[in-house]
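> First the structure, then my questions, so here it is.
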Amino acid sequence: MCGIVGFTGTEQAAPILLDGLSKLEYRGYDSAGIAVRDGEKETEIIKEKGKLKVLAEMTNQGKAVKGTCGIGHTRWATHGEPSAVNAHPHSSDDGNVIAVHNGIIENFQEQREKLIKKGYAFKSQTDTEVAVKLIDYYYKKYSQQPIEAIARAMVRIRGSYALCVMFKDFPGEIYCARKDSPMIIGIADGESYVASDVPAILKYTRNVYYIGNMEIAKLEKGAVTFYNIDSEVIEKPLTEIKWDAESAEKGGYEHFMLKEIHEQPKVIRDTINSVVTEGKVHFDSVNLTDEEMQQIELVYIVACGSAYHVGVALQYVIEALTSMQVRVELASEFRYRKMTLNKKSLVIVISQSGETADTLAALREAREQGIKTLGIVNVVGSSIAREADNVFYTLAGPEISVATTKAYSTQLVAGYLLALQFAKARNEIDDEKYQMLLEEVYSIPDKVEKILTDKERLQWFSNKLINVSDSFFIGRGIDYAIGMEGSLKLKEISYIHSEAYAAGELKHGPISLIENGTIVISVVTQTGLIEKTISNMVEVKSRGAKVMAVTTTGNYFLEDTAEFVCYVPQIDPLFAGSLSVIPLQLLSYYVSIGKGFDVDKPRNLAKSVTVE
């Protein structure tokens with residue numbers, strides 16, 4: 001949640017801060033603010049409720065604010081309503097300490113009461129103001145050294161945070177601290193940058209440091225020094241980000257979501273090619289050996305949101321190809337379950353950002369129990385990537401739209417390749433079937449490309465959904481998993497109430513919700529389940545529902561039941577989800593556009609859920 005950008009160098013800071021924040025507005029957009037220091041002069045703080053464009057207009061795109069050192073923030077409200085007062089940056093009473101913050105301080109009320117007794121006054125309802133004044137308190141009480149003051153405050157703060165702090169006595173310097181919330185630091189010639197996500201600084205540098213948990217960094221012009229919680233200097237490796245700045249821009253598309261939908265053939269192909277060479281899957285980069293795969297009896301797939309839906313689909317694929325049992329768990333529930341994990345199991349955690357708070361907590365719980373872990377993540381150097389025993393990197397590149405599309409698709413194909421290699425390593429499929437299935441996976445990018453060339457019919461049908469208030473997705477097996485993702489896409493960007501059900505469950509309650517005009521979207525790609533799903537389609541149609549179907553080419557008989565049928569190319573049913581999800585992504589996009597909504601930044605949502 002929330003976006004942070006900081007800069008110190010020789011250029012004017014405000015335009016750079018606003019530009020970086022514009023790349024992070026998907027993380028928070030109910031208010032925004034910047035604080036800029038011009039040498040020895042007082043720091044100027046400008047902040048306002050609303051989207052970033054309000055702040056940009058107030059400052060003439062940053063040109064009206066002079067200074068070469070500053071911090072900025074876009075907020076997604078947790079403590080305190082969206083308002084100018086609650087917007088970041090926040091300041092100590094005398095302006096000695098100014099800071100921006102991502103995360104949640106769990107004991108902020110307790111610390112706030114202590115600080116009030118010590119004479120501090122509070123203007124906002126935020127937990128961030130508590131952190132600012134706590135740092136100020138320790139700065140003045142002890143050594144008047146920023147690192148020591150921040151370290152003392154960190155010890156007393158419970159929760160998660162990424163902090164960027166400026167001190168009145170240290171112009172031209174920015175101090176950063178991190179616990180669980182993501183933060184990266186970039187350097188270029190004579191310039192230093194800090195941000196909560198890569199796209200904010202790609203335009204300026206691809207050389208970055210990853211600040212670790214309970215670490216502090218001091219940014220000066222073109223130089224960064226790192227400290228541990230004991231205020232001791234530590235060394236960090238410099239990493240080169242392979243993404244380029246252009247890949248984070250819209251590239252001529254009206255919205256990031258549409259651009260990212262169209263990028264799916266390329267990123268799926270890139271993800272496949274990262275581990276497949278000469279007709280074989282090679283997991284050297286994943287660091288998972290055949291011998292280790294042979295010892296595993298049970299797989300836990302743990303994730304949130306769309307990544308959880310990936311897990312549901314992969315459960316069917318892994319169990320179809322191997323003798324392993326698979327359990328799919330919501331990370332937010334898994335982390336609080338009181339259970340002993342099977343010692344011969346593998347916990348697979350899936351997260352685009354690699355920073356999802358609940359998923360990260362689940363990973364740590366698994367490691368504490370001595371269970372082998374594997375992360376499927378998109379961001380190199382992210383917390384999950386660093387802490388998991390094994391990592392499978394998806395090559396989706398930067399995903400800006402809040403509603404995931406290409407990250408979902410690369411996670412799905414990464415799971416297919418894991419399932420295939422598990423089956424091969426365990427001698428549970430022969431070479432002929434292995435090669436046949438691998439060729440089917442190879443065919444996915446071209447088949448997705450084919451679906452994307454025929455969008456007009458979907459756009460036409462989407463117009464019929466603009467005014468509906470309820471919709472339902474049904475399917476069986478993998479089709480049910482894809483229906484869950486389709487339903488989530490529709491509700492999160494078009495705000496239409498939508499639910500997904502296993503089609504066989506309709507008679508156990510949900511069918512009572514069907515009435516005249518209700519939209520039911522049926523996913524029908526699993527060969528052995530088509531007749532049973534058609535039976536469910538007939539049931540809802542007889543009760544007044546309007547039925548749409550997504551199916552594979554050749555199933556033309558579905559037109560007798562469905563009002564509208566969208567066809568995807570033939571493929572092995574195990575991998576059909578990679579194709580059937582594409583029309584559902586497009587459908588949701590066109591419905592949202594038709595309703596006039598902001599597709600890339602749906603209300604109340606943020607891209608990375610880095611707080612509980």
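The values are calculated or read from the model by the stated rules, or taken from the named source; none is laboratory data. Computed from a prediction, not measured in an experiment: that's the story for all the values here. Glycine also receives a Cβ, built like all others from the backbone with ideal geometry; neighbour counts cover every protein chain displayed. Note: areas computed on protein heavy atoms with side chains; ligands, DNA, RNA excluded. Shrake-Rupley method; radii C 1.70, N 1.55, O 1.52, S 1.80 Å.
> Average the reciprocal distances over every distinct pair of alpha-carbons in the stretch 116-256, invert the result, and give the Kirkwood radius in Å.
Details: mean 1/r = 0.0609 Å⁻¹.
Its Kirkwood hydrodynamic radius stands at 16.4 Å.
> With unit charges on the beta carbon (Lys/Arg positive, Asp/Glu negative), name the residue among VAL267, MET339, GLY279 whose Cα is farthest towards the positive pole of the charge dipole of the stretch 259-369.
It is MET339.
> Multiply the residue gap between MET58 and ASN107 by 0.36 nm, knock off their C-alpha separation, and tell me the result in nm, one decimal place. Each step should come with its number before you reach the end.
Details: separation 49, 0.36 × 49 = 17.64 nm, distance 3.47 nm.
Contour length minus the Cα-Cα distance gives 14.2 nm.
> For a protection proxy built on the mean count of beta-carbon atoms within 10 angstrom, sort 158-164, 333-339, 296-302, 10-16 highest first, please. Don't jump to the answer; show the numbers that get you there.
Values: 158-164: 23.1, 333-339: 13.1, 296-302: 21.3, 10-16: 19.4.
With the highest mean Cβ count within 10 Å placed first, the list reads 158-164, 296-302, 10-16, 333-339.
> Would you mind working out the accessible area per residue for the stretch 277-339, using a 1.4 Å probe, and quoting it in Å²?
Details: 3050 Å² over 63 residues.
Value returned for the stretch 277-339: 48 Å² of accessible area per residue.
> So, in nm, how far is label SER535 from label LYS280 when the simple model puts each one 7 Å beyond its Cα toward the Cβ?
Taking the simple label geometry, SER535 and LYS280 are separated by 4.6 nm.
> Then there's this: Counting other C-beta atoms within 10 Å, and keeping those with at most 11, which DSSP coil trypsin sites (Lys or Arg not before Pro) do you find in the stretch 12-56? Before the final figure, lay out each step's value.
On the way: sites: LYS23, ARG27, ARG37, LYS41, LYS47, LYS49, LYS51, LYS53; in loops: LYS41, LYS51.
Those that pass, being in a loop and sparsely packed, are LYS41.
> Write down the accessible area per residue of the stretch 1-134 in Å², having rolled a 1.4 Å probe over the full set of protein chains.
Details: 4960 Å² over 134 residues.
Per residue, the stretch 1-134 has an accessible area of 37 Å².
> Also, quick follow-up: Any idea what the dipole of the chain comes to, in debye rounded to 20, about its Cα centre with Lys/Arg Cβ at +1 and Asp/Glu Cβ at -1? Before the final figure, lay out the partial values.
On the way: 67 positive and 81 negative charges, 296 e Å.
Magnitude of the dipole: close to 1420 debye.
> Kindly write out, for the stretch 439-444 in residue order, the coupling ³J(HN,Hα) from the Karplus curve 6.51 cos²θ - 1.76 cosθ + 1.60 (θ = phi - 60°), rounded to whole Hz, with x marking Gly and Pro.
Coupling constants for the stretch 439-444: 5, 5, 4, 4, 7, 4 Hz.
> Same structure, new question: Could you give the dipole magnitude of the stretch 492-551 about its Cα centre, charging the beta-carbon of Lys and Arg +1 and that of Asp and Glu -1, in debye to the nearest 20? Before the final figure, lay out the partial values.
On the way: 5 positive and 6 negative charges, 39 e Å.
Roughly 180 debye, rounded to the nearest 20.
> Now for a separate question. Using the Cα centre as the reference, give the magnitude of the dipole from point charges on the C-beta atoms of the stretch 469-602 (Lys, Arg: +1; Asp, Glu: -1; all else neutral), rounded to the nearest 20 debye.
On the way: 10 positive and 15 negative charges, 27 e Å.
Result for the stretch 469-602 is approximately 120 debye, rounded to the nearest 20.
> Another question, then. Place +1 on the Cβ of every Lys and Arg and -1 on the Cβ of every Asp and Glu in the stretch 89-202, take the dipole about the Cα centre, and give the residue among PHE122, ALA177, HIS101 whose Cα lies farthest towards its positive end.
With unit charges placed on the Cβ atoms, the residue in question is PHE122.
> Of SER83, SER512, CYS304, whose Cα points farthest to the positive end of the dipole of the chain (charges on the beta-carbon: +1 Lys, Arg; -1 Asp, Glu; origin at the Cα centre)?
With unit charges placed on the Cβ atoms, the residue in question is SER83.
> If amide H atoms are built 1.01 Å from N in the plane of the peptide, which residues on other chains or at least 5 residues away come under 5 Å of the amide H of ASP470?
Counting only residues 5 or more places away or on other chains, the set is ILE519.
> Further, regarding this structure: Just grab the label-to-label distance for PHE122 and ARG603, each label 7 Å out from Cα along the Cβ direction, in nm (one decimal).
Rounded to a tenth, the inter-label distance reads 2.9 nm.
> Output the relative contact order of the chain, whole-number percent, from Cα pairs under 8 angstrom with separation of 6+ residues. Spell out each step's value before the answer.
On the way: 1384 pairs, mean separation 71.6, N = 612.
Value for the chain: 12 percent.
> Continuing with this model, one more query. Relative contact order of the stretch 81-155: what whole-number percent is it, with Cα pairs under 8 angstrom and at least 6 residues apart?
On the way: 76 pairs, mean separation 22.2, N = 75.
Result for the stretch 81-155 is 30 percent.
> So if I average 1/r over every pair of distinct C-alpha atoms in the stretch 329-395 and take the inverse, what Kirkwood radius in Å does that give?
Details: mean 1/r = 0.0858 Å⁻¹.
Final number for the Kirkwood radius of the stretch 329-395 is 11.7 Å.
> Output the peptides 405-412, 501-508 sorted from most to least packed, where packing is the average of other Cβ atoms within 10 Å over each peptide's residues. Before the final figure, lay out each step's value.
Numbers: 405-412: 29.1, 501-508: 17.5.
Answer by packing, highest mean first, reads 405-412, 501-508.
> Relative contact order, percent, of the stretch 306-453 when contacts are C-alpha pairs under 8 Å separated by at least 6 residues? Please list the in-between numbers first.
Values: 185 pairs, mean separation 33.0, N = 148.
This gives 22 percent for the stretch 306-453.
> Same structure again: Only bridges whose two residues both fall in the stretch 457-590 count here: according to DSSP, what percent of them are antiparallel, nearest 5?
Values: 0 of 21 bridges.
About 0 percent, rounded to the nearest 5.
> So which GluC sites (Glu not before Pro) in the stretch 31-88 are both in a DSSP loop and have at most 10 other Cβ atoms within 10 Å of their Cβ?
Details: sites: GLU40, GLU42, GLU44, GLU48, GLU57; in loops: GLU40, GLU42.
Listed in order of number, the matching sites are GLU40, GLU42.
> Can you send over the carbon and sulfur percentage of the accessible area for the stretch 437-563, probe radius 1.4 Å, protein chains only? All intermediate terms of the calculation are to be shown ahead of the outcome.
Details: 2610 of 5490 Å².
C and S fraction of accessible area: 47 percent.
> Out of residues 5 or more away from SER522 or on other chains, whose amide H comes under 5 Å of its own, with H placed 1.01 Å from N in the peptide plane?
Answer set, sorted by chain and number: ILE474, MET548, ALA549, VAL550.
> On to the next question. Return a single number: how many Lys pairs in the stretch 302-432, at a sequence separation of 8 or more or on separate chains, have alpha-carbon atoms below 25 angstrom apart.
Working: LYS338/LYS372; LYS343/LYS372; LYS343/LYS424; LYS344/LYS372; LYS344/LYS424; LYS372/LYS424.
So the count of such lysine pairs works out to 6.
> Another one. So which GluC sites (Glu not before Pro) in the stretch 70-137 end up in coil per DSSP with only 15 or fewer other C-beta atoms within 10 Å?
Values: sites: GLU106, GLU110, GLU113, GLU129; in loops: GLU106.
Listed in order of number, the matching sites are GLU106.
> Another question, then. Can you give me the C-alpha center-to-center distance between the stretch 516-585 and the stretch 9-73, rounded to a whole angstrom?
49 Å
> Let me ask something else. Please calculate the 1.4 Å probe accessible area of ASP560, with all protein chains present, and give it to the nearest 10 Å².
Surface open to solvent at ASP560 totals about 130 Å².
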